[in-house]
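Enquirer: My questions will all concern the structure given below.
Nothing in this text is a laboratory measurement; each read-out follows from the coordinates by a stated rule. Keep in mind it's a predicted model, so treat the numbers as computed, not measured.
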Amino acid sequence: MSRSRRTFLLLLSSGIFIVSTFALWTVFRTESTSFIFNRAVVCDEVDENYKPSGVASNFDYGTRQICLWFEYCTEYESCELFLYWYFRDSLVFRETVDISSTSGKKTLCLLREDGYPLPRGDYRVRIELNGRNLTTLNFSIYKREA
């Protein structure tokens, strides 16, 4: 193979590598910054105006549901968020949330289907997009002292 042909192939392969690396970097950088929570809270419920009610990080024992309420904006026309609910560092529930608009509000709740109160202890809910943690909210349920 001639020297000029080797030089051409080397330049071509280097250019392809650089462009590919830049494209991957752009995609992964955009994914982490293109979904923004305007507000994300843990609450007792959502009122008739779709606003969170009973926002707290500590809830009284006897609570049967805890809601995650968030307001967001994104560049995506549609995407899937993954929520992971933990109790004492053990995964207790996982759910997928379809986001179909570039801004909006969502409410998701953790509750026991048998109607009993949620157990006392420390909880957290983690929200991920494309395998990246967007936010984690910690809360607890405790027995109120009389």
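Enquirer: Between Arg94 and Asn58, what length in nm is gained on full extension when 0.36 nm per residue of separation is reduced by their alpha carbon distance? Each step should come with its number before you reach the end.
Expert: Working: separation 36, 0.36 × 36 = 12.96 nm, distance 2.17 nm.
Once the chain is fully extended between Arg94 and Asn58, it gains 10.8 nm.
Enquirer: How large is the helix-only mean residue ellipticity at 222 nm for the chain, computed as the sum of -39500 (n - 2.57) over DSSP H runs with n ≥ 4, divided by its residue count, in deg cm²/dmol to the nearest 500? Kindly include the intermediate steps, with their values, before the conclusion.
Expert: Details: 1 runs with 31 residues, N = 146.
-7500 deg cm²/dmol, from helical runs alone.
Enquirer: What angle, in degrees between 0 and 90 and rounded to the nearest 10, separates the Cα long axis of helix 3-33 from the longest principal axis of the Cα atoms of the chain?
Expert: It is inclined by approximately 10 degrees.
Enquirer: I've got another one for you. So what is the orientation-averaged projected area of the range 35-142, using the convex hull of its C-alpha atoms, in nm²? Write down the numbers at each step before the final one.
Expert: Working: hull surface 26.7 nm².
Computed as one quarter of the Cα hull surface, the answer is 6.7 nm².
Enquirer: How about Lys51: which lysines have a C-alpha closer than 20 Å to its C-alpha, ignoring those fewer than 8 places off in the same chain?
Expert: Lys105, Lys106
Enquirer: Can you give me the relative contact order of the chain as a percent, contacts being Cα pairs under 8 Å and 6 or more apart? It would help to have the intermediate numbers written out before the result.
Expert: Working: 257 pairs, mean separation 33.8, N = 146.
Relative contact order here is 23 percent.
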